[in-house]
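For reference, the structure is listed below as structure tokens.
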Amino acid sequence: MTSTFHKHQHRRGKALSVRTKLRGVTDRPRLSVFRSLSSITAQIIDDVRGHTLVAASSQEKDLKTSIKGLRKTDVAKKIGSLVAERAKRAGVSKVCFDRGAYKYHGRIKALADAAREAGLEF
């Protein structure tokens, strides 16, 4: 039986492996996704300055009422389109997608597709 520490260490290693491939891209900020069992968060991060430019989360107070009763995949689509809309307002049109340690499947894929449909390029 594996320990909890080993699981977290393995997940962190996978996330760093994905992020290492994205490190050479300085002209485009990184669209980073965090997925938990109940929520999903997306941020656009400028790695050169180390600042978050735009963020959207299913935990935001004004979103909680509009996403109540939706499936998790539909919530991820809403977050993807919302983060793309906010990015366009901030002047960001091209990003590189950081899926972290998650497979490009399900909610992660739904968020990415919705962000592309809303106008983000990656």
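Bear in mind that the values in this text are calculations on the coordinates, not laboratory data. These numbers were taken from a predicted model, which means no experiment stands behind them. Note that we place each Cβ from the backbone using ideal geometry, even for glycine, and neighbour counts take in every protein chain shown.
Which is farther than 23 Å from Ala87 by Cα, among the aliphatic types (A, V, I, L, M) and part of a loop (DSSP other than H, G, I, E, B), of Leu16, Leu37?
After applying the criteria, what remains is Leu37.
Go through (1) out of contact with any Ser or Thr (no Cβ under 7 Å at 6 or more places or on another chain); (2) in contact (Cβ under 8 Å) with a residue 12 or more places away in the chain for Thr65 and report which single condition fails.
(2)
What are the residue pairs meeting all of these: first residue in segment 103-122, first residue in contact (Cβ under 8 Å) with a residue 24 or more places away in the chain, second residue in a loop (DSSP other than H, G, I, E, B) and basic (Lys, Arg), Cβ atoms under 7 Å, and 6 or more apart or on different chains?
Listed by first residue and then by second, the contacts come to Ile108/Arg99.
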